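Take a look at the structure set out below.
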Amino acid sequence: MFQGKKILLAITGSIAAYKSILIIRLLIKAGAEVRVVLTPSAKDFVTPLTLSTLSKHPVISELFTEEAWSNHVMLGRWADVMLIAPLSCNTLAKMATGQCDNIVLATYLSATCPVVVAPAMDEDMWHHPTTRENLARLESFGNKVIPVDKGELASGLHGDGRMAEPEAILQYLQDHLFQRQDLEGQRALVTAGPTYEPLDPVRFIGNHSSGKMGIAIAEELARRGAEVHLVLGPSSYTTTAKGIHIQRVQTAEEMYQACTMYWPSASLAVMSAAVADYSPTSLSQEKIKKTEDNFTLELSKTKDILASLGASKHNGQVLVGFALENRNEKAYAQSKLQKKNADMIVLNSLNDNGAGFGFDTNKVTIFEKDGNEIPYERKPKKEVARDIVDRIVKMLYA
């Protein structure tokens with residue numbers, strides 16, 4: 001992702017400057033070329049010798065030297081991105097008002113590349129109206145701001161203002177500036193959310209699926225260049241991401257019809273919706289009244305969307321299904337992989353904390369048709385989506 005990319009790292013006076021060492025190491029390991037500039041106060045937290053040794057380039061910290069005076073313009077034109085991490089409250093205020101009293105500010109003001117900042121400060125400073133106003137000004141200039149973390153701060157307090165971790169900063173750069181387009185030209189089908197099977201004009205059989213996981217997968221596929229057709233059940237969530245065409249449905253039958261229509265022209269499909277297994281045999285045209293002590297409801301099987309797509313799958317198509325289980329999880333997932341003729345099954349266990357319906361996190365294990373079993377730790381659903389799409393890409397181009 002960062003192979004051949006030119007990153008200008010600017011470091012300001014903050015205790016979080018120690019994280020810049022790991023940022024440099026991670027960027028270089030990923031194939032980037034890194035140059036470093038730092039404010040004079042940053043040298044109180046990290047030494048130029050350490051930074052130059054890691055980056056394999058001289059570090060510039062003084063504005064009024066012959067080398068710096070010529071380089072502050074050159075570096076802002078050389079870089080693919082200028083990353084200011086950490087961004088102190090002081091430097092933030094100066095950037096917002098156009099001050100230029102050190103090499104970092106001079107380089108920033110003359111940079112022609114995108115600028116990304118990772119703020120770091122105490123919680124009260126972070127929430128101060130002046131800071132909020134300064135951040136808004138920076139963003140209005142076209143700069144990108146990496147969200148801060150909540151955690152232990154240098155003051156000993158616990159709260160907002162902690163600089164994002166180096167791995168998260170690299171992920172932000174990847175997602176917002178260097179996103180791979182490894183699915184460009186591919187067409188993807190994704191299902192998400194529940195289905196509602198009506199009993200009468202006001203009642204239905206449904207489930208607790210929010211659609212968050214499927215939407216995150218659709219967004220990740222679109223970010224990586226795919227044209228995505230999202231068949232979305234009755235979820236309160238949606239997406240406005242470019243490259244995603246949303247078709248809203250209510251019932252399992254409507255989802256089946258949409259999927260079988262689109263599947264023949266798709267390169268891949270991810271069936272993450274929680275589709276009802278059964279639907280009422282008959283639909284009352286009037287609201288059912290509570291007149292009897294017992295009420296019998298007759299149900300019939302819905303069409304198996306995953307199995308139908310698996311039966312019609314042609315060479316080159318990749319079909320991914322989901323399994324949500326609470327017992328014999330591995331056996332059921334492997335059985336589903338074979339019976340449905342899928343290429344991959346993503347297993348969720350209801351026994352895992354922070355996984356399943358409604359959460360912003362998920363914990364999955366991926367089972368692939370060649371026998372691979374890949375477990376993942378619990379993480380935000382957007383990161384889970386990235387893991388799933390990584391495996392799809394590998395399988396699609398195998």
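So the values come out like this:
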read-out	value
Top-ranked residue in the range 329-358 [being at pLDDT 90 or above and of a type in the set (A, V, I, L, M); ranked as nearest to G214 (Cα to Cα)]	V346
All positions within the range 356-376 that are aliphatic (A, V, I, L, M) and crowded, with 19+ Cβ neighbours inside 10 Å	V364, I366
Residues of the range 11-68 that turn out to be without any contact (Cβ under 8 Å) to a residue 12 or more places away in the chain and polar (S, T, N, Q), as a count	3
Test for Y196: is it closer than 30 Å to I24 by Cα and of a type outside the set (A, V, I, L, M)	no
Helices (runs of 4 or more DSSP H) wholly inside the range 15-91 containing at least 1 residues that are assigned by TED's automatic domain parsing to the domain that holds S110 and modelled with pLDDT of 95 or more	19-29, 48-55
Filtered residue count, the range 232-259, keeping only those that are more than 15 Å from P194 (Cα to Cα) and touching a Pro at 6+ places or on another chain (Cβ under 6 Å)	0
Considering residues of the range 107-132 that are of a type outside the set (D, E, K, R) and out of contact with any strand residue (DSSP E or B) (no Cβ under 9 Å at 6 or more places or on another chain) only, the residue surrounded by the fewest Cβ atoms within 10 Å (Cβ to Cβ)	P129
Filter pass, K330 being closer than 13 Å to K369 by Cα and of a type outside the set (A, V, I, L, M, F, W, C)	no
Any chance G214 is crowded, with 22+ Cβ neighbours inside 10 Å, small (G, A, S) and within 30 Å of S14 (Cβ to Cβ)	no
Pick from the range 292-339, criterion of a type in the set (F, W, Y) and surrounded by 11 or more Cβ atoms within 10 Å (Cβ to Cβ), ranking: nearest to the chain's Cα centre (by Cα)	F322
Hey, Y108 closer than 30 Å to I7 by Cα and free of Cβ contacts under 8 Å to residues at least 60 places away in the same chain or not	no
Restricting the range 133-172 to residues that are surrounded by fewer than 17 Cβ atoms within 10 Å (Cβ to Cβ) and in a loop (DSSP other than H, G, I, E, B), the residue that is modelled with the lowest pLDDT	S155
Selected residue [assigned by TED's automatic domain parsing to the domain that holds T195, assigned to a loop (DSSP other than H, G, I, E, B), polar (S, T, N, Q) and touching a residue at least 12 places away in the same chain (Cβ under 8 Å)] from N315, N341	N341
Any hit, the range 236-257, residues being out of contact with any His (no Cβ under 9 Å at 6 or more places or on another chain), polar (S, T, N, Q), at pLDDT 95 or above and crowded, with 24+ Cβ neighbours inside 10 Å	no
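For every residue, the table says whether it meets (1) part of a loop (DSSP other than H, G, I, E, B); (2) touching a Gly at 6+ places or on another chain (Cβ under 7 Å); (3) not assigned by TED's automatic domain parsing to the domain that holds I388.
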site: V320; (1), (2), (3): no, no, no
site: K336; (1), (2), (3): no, yes, no
site: V346; (1), (2), (3): no, no, no
site: D352; (1), (2), (3): yes, no, no
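The values are calculated or read from the model by the stated rules, or taken from the named source; none is laboratory data. The structure presented is a predicted model; accordingly, all values stated were derived computationally and were not measured. So basically every Cβ, Gly included, is an ideal-geometry build from the backbone, and we count neighbours across all protein chains shown.
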